[in-house]
Every structure is written in C-alpha cells, then in structure tokens.
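Reading through the structure tokens given below for one structure.
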Amino acid sequence: MDAMGPMELAMISRQKRYLVLPHKTGRRTMQQGGSIGVIFALALVPLLAFAGLAVDYGRALLYRNQLGYALDTAALAVASSTGTKQQLEARMRAYLDANFANEDLHDEIDFDLGAPGETITAEASLRMDTTFMAVLGRRYLDISVSTTVLREISGLELAMVLDVTGSMAGTKIADLREAARALVRIVFDDEPAPEFLRVAVVPYSAAVNPGDEAEDIVDMGWMNNVDPEDIGLDPDDPEHNITSIDYDPGDPLMWKGCVRARGDGHDVLDSSIEDGGEWEPYYWPSSFDNDWAAAGVDMRNSRGNEMRGPNIGCPTPILPLTNDREAVDDAIDALDAWSRGGTMGNVGMVWGWRVLSPDPPFSDGVLPYDEPLWQKAIVMMTDGDNLTYQWPDIRDYRDLDGDGRTSDTVRNTYYSSDYGSYDRVEEGNLGTTSRGTAGSRLDDRLEDVCSNIKEIGITVFTITFGSGVDNTTRAIYQNCASQSGYYFHAPDGAQLEQVFETVGNQLSKLRVTS
C-alpha cells in the first residue's frame, strides 16, 4: 500500500472520529436513560403517597364541611327550642343524624347551653377511615368542628279563644278538649311552670264570662234594687220574689258572671271603663222561651237543648294569663257546650284581646305590648257561622195566654230571637231588628276587632272546625289571621288535633329566636 500523505491521514482521522461519535453518544444515552428510570422509580413512591394524601385529605375536608353544616343546623334548632338539657341533646342528635348520615360519627356530642340572651356552643367529631394513608400506617383521621349560636328566648303570652256553643255538644267538645291539650303539651314542653310562657283560656258562646273580675267591671246598682217584674217574675210569688241579685256562680238564681257587649263601638275595642263605660250583666229574664219562674231553674226545657234559668248560654269563666300548666289543663277539662243565644265570635275575640291587654280588667301581671323579647298571640277557634239563635216553630211560643190560638196580634210582635250579648235582636243593639241581617253585623264586628288586634301587634291564628262553616265564614277567619298560613280548617276531630299541634309548633317558634 502506498504511503499516505498528511492530508489523507487527516481526512481518514476526521472520518473515524465522525464514525465513532455515534457509537460513543449512544452508550451515554443508554446510561443516562437507565439513571432516569431508577430516579423515576424512586420518586414514584412518594408521588403516589402524596396523591393518596391528597385524596384522603380531600375526603376529610368534604366530611368536615358536611359535619360543620349539620352541626350549625342542629345548634340553630336547639337554640330555637326549649326543654331540659337531655331533651335538647336528643334534639341535636336527631338533627345531626338527619343532616349527616355517616356511621363513623362519634356518639359524643358536647355542647354548652347558655341562659336566654347568651350563647350555645357545640362540638362534634368524626373518625374517618383512610385509604391511601393506611399504607403509610395512618389508618384514620380525626375531624372535629365547633359552632356558636346566640340564643334569645322570646316569651309568649297566649290567649286560646274557644267556641263552646251548643253545636259543639257531644263528640265535638271532646275533640276540642283533646286538641287544646295537644297544643298545651307543645308550648309548655313538659315544664309545669315555664318562665317565658303564659296562657289564658277564653270560652265563648253568645257571651263571655270574665269570672271573678266581673264584679269590678259591672254596674251593680240595678242588681241591688231589682223589680221582679223586670226579670219576668211575679212579685207575689214568694219563691221568686227576687229584689237583689248577687254575683254567685253557685246559685242558679244569682248572676254567674257573664256580661253583655258594650255599645257605641266599644264592643270591638279594648276600651277602659272611663272611655267605654261599665259592662251590663248577662241575666236572662224569665220569658216564654226560658220560663224559669214557672218551671224552675236548671230544668231541661222540653223543646230546647239546654236548661232554663237566667244564666243559660253563659259559659265557664275565663282563665286569665298563667304559667301554671295544671291550671290551664283544668280550664280545658272544664270546657262544655252551652246552647242558646247564638254564636258570637266577635265577642270571644275581643275578650281574647282583653286578657292580653296591659289595661284592666285583666292587667295583673300582663306585660306591655312593647315588652322586649315577648310576643302576644291569639288562637281563635269556631265551628260555625256568627248568628243569633231562634227557637224552632216559634209560633208555638206566641200563645202567651195558653188558649191554643197563635194568631193574636201580640204574638206576631213578640221576640223571636234568643237573648245574648246584644240582648235580643229586636232591641236593635246590632243596628238591625232583622235576625237575618244580624249575622252579617256580627261578621262586620269580627272583622273590625281582628283588624284592631293585628294593628296593635298581636299575632292571630284562626281555626274553623267541622262542616257547619260556610265559605263566607271561612274567608272571614282567613282574613282575620295574621297571614294566610295562620288559618286552618279542620273537617273532623282527628284533623282538629293535628291543626292544634301545628299551631303549637308555630307558637314555639315565636318563643325562641337565634
């Protein structure tokens, strides 16, 4: 081979270097790739661990938020409730279970219930099983949340205005007693004398009985000097020669305590005696449709559904505001149906207002309308339309002289309506002498008193009961309620109890805010 010159050697040398370079570079790439694989393999474990941590912590954060929401809801529910610590703790547990369904929730719930106007603090914890962190030895995470809620109890003064007219006789009055007891159980919340609750019971028919307050609000002057003939008695009859009438609920010849409605618009107002005058006693004179002078007092009338006497249609007395659970239960147990006279819901309603009024006659212990953190409410119930009662087949009672004839002129001009809070319709105290118009005049007065009550800030719930309430009356009572959701109609006794329970729960919400 010929010897190569310097130039050729240089070229070959450069070519070799060029040809060798790919071989050397490939070896380095393989070495570096192996190193990266090792590094990646080593890094994968902590990366997976961090990813697992993120998943587990994400679940923990989700549970914490859900538990926090459930605890807030439960604390608000407890803060707006009354009862013992055990009852409130059970209520909190029920709300937690309803809003956070998780079997891992600890049974331990700690809360501190402050006094009214203070705070309620609550804590709850959750132990969550981990998924990825368990690989690292952390099998569970403990999650805890706490909340604080301001608790303010708003006291309640409540008047239960209840229809005890003759149409409530039989099973209906029993249904009313049971329904009223259900409401009382709820608002008293098993406490015998709660500090922030007072309840009054106002039975009404064609009149209302103020009870022991009656003597202080009635002009007793004429009762101390009675002309027997003015009350349908024979002054020559020694048994009924009554010359004075006393307040004595136990004597059937004496005055039981019911009063008549005042005139000049004061029958729809909470007027003082100075402004509206004294009340007149409800005392039914012996007459052709209530002949208690001849037949005797408290004897069953052959054509009526009640007894004879000057106090027929007069219900049991009002129970003024009290926080004594036993006294309220006793007043409800004493409810009975009182026939005759009619149904005068306006009269019951205005007396429901009067027991809540800080002014006489029921002012003892009654708080002002603007008392901080106190509410006033009325629950009004009726089973029928406002009307005045009229004896059936009234012609039989126009035969005053007993000669068997019913066409005498005097008989056609005699009273045909019952005695009631406005006397007899024929006296014109309702602005009409027509019994057919009298019902609408009573409706007008009910609408007026409802407006006056709501204007002063009293919350009104109304309830109609049974099939004897027409659409017009239902509309009147719906408008009387403070809002549409505060009116209820119960077609039967079972639903009446449900309605009273619903009202009781709504009243409880009025008592406590948070």
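Has the stretch 477-484 got at least one residue that is of a type in the set (A, V, I, L, M) and in contact (Cβ under 8 Å) with a residue 60 or more places away in the chain?
no
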- [ ] Take the stretch 333-360 and flag every residue that is buried (at least 22 other Cβ atoms within 10 Å of the Cβ), hydrophobic (A, V, I, L, M, F, W, C) and at pLDDT 95 or above.
- [x] M344, V347, M349, V350, W351, W353, V355, L356
Task: Boolean, D230 is touching a residue at least 24 places away in the same chain (Cβ under 8 Å) and either over 42 Å from the mean Cα position of the chain (by Cα) or crowded, with 16+ Cβ neighbours inside 10 Å (or both) - done: yes
Open item on the list: Looking at D189, D163, D142, can you tell me which residue is acidic (D, E) and more than 30 Å from A334 (Cα to Cα)?
Closed with: D142
Task: Complete set of residues in the stretch 314-326 that are in a helix (DSSP H, G or I) and within 19 Å of the chain's Cα centre (by Cα) - done: R325
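Residues are listed down the side, and each one gets a yes or a no for (1) acidic (D, E); (2) at pLDDT below 95:
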residue	(1), (2)
M254	no, yes
A261	no, no
D267	yes, no
I273	no, yes
W279	no, no
W284	no, yes
W292	no, yes
A295	no, yes
N305	no, yes
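On the given criteria, is D385 part of a loop (DSSP other than H, G, I, E, B) and either outside the structural domain of P249 (by TED's automatic domain parsing) or touching a helix residue (DSSP H, G or I) at 6+ places or on another chain (Cβ under 6 Å) (or both)?
yes
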Open item on the list: Suppose the filter is closer than 16 Å to L269 by Cα and of a type outside the set (V, I, T); does R445 pass it?
Closed with: yes
Task: Selection status of L430, buried (at least 22 other Cβ atoms within 10 Å of the Cβ) and part of a loop (DSSP other than H, G, I, E, B) - done: yes
Task: Residues that are within 17 Å of the chain's Cα centre (by Cα) and small (G, A, S), drawn from the stretch 137-196 - done: S154, G155, A159, A179, A180, A182
Task: Failed criterion for R139 (all others in (1) buried (at least 17 other Cβ atoms within 10 Å of the Cβ); (2) in contact with a strand residue (DSSP E or B) (Cβ under 9 Å, 6 or more places away or on another chain); (3) not β-branched (V, I, T) hold) - done: (1)
Task: Residues that are touching a residue at least 60 places away in the same chain (Cβ under 8 Å), surrounded by 16 or more Cβ atoms within 10 Å (Cβ to Cβ) and either part of a strand (DSSP E or B) or of a type outside the set (A, V, I, L, M) (or both), drawn from the stretch 453-469 - done: T459, V460, F461, T462, I463, T464, F465, G466
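The values are calculated or read from the model by the stated rules, or taken from the named source; none is laboratory data. Predicted model only: the values in this text are computed from it and were never measured. Positions of Cβ are backbone-derived with ideal geometry, glycine not excepted, and every protein chain shown enters the neighbour counts.
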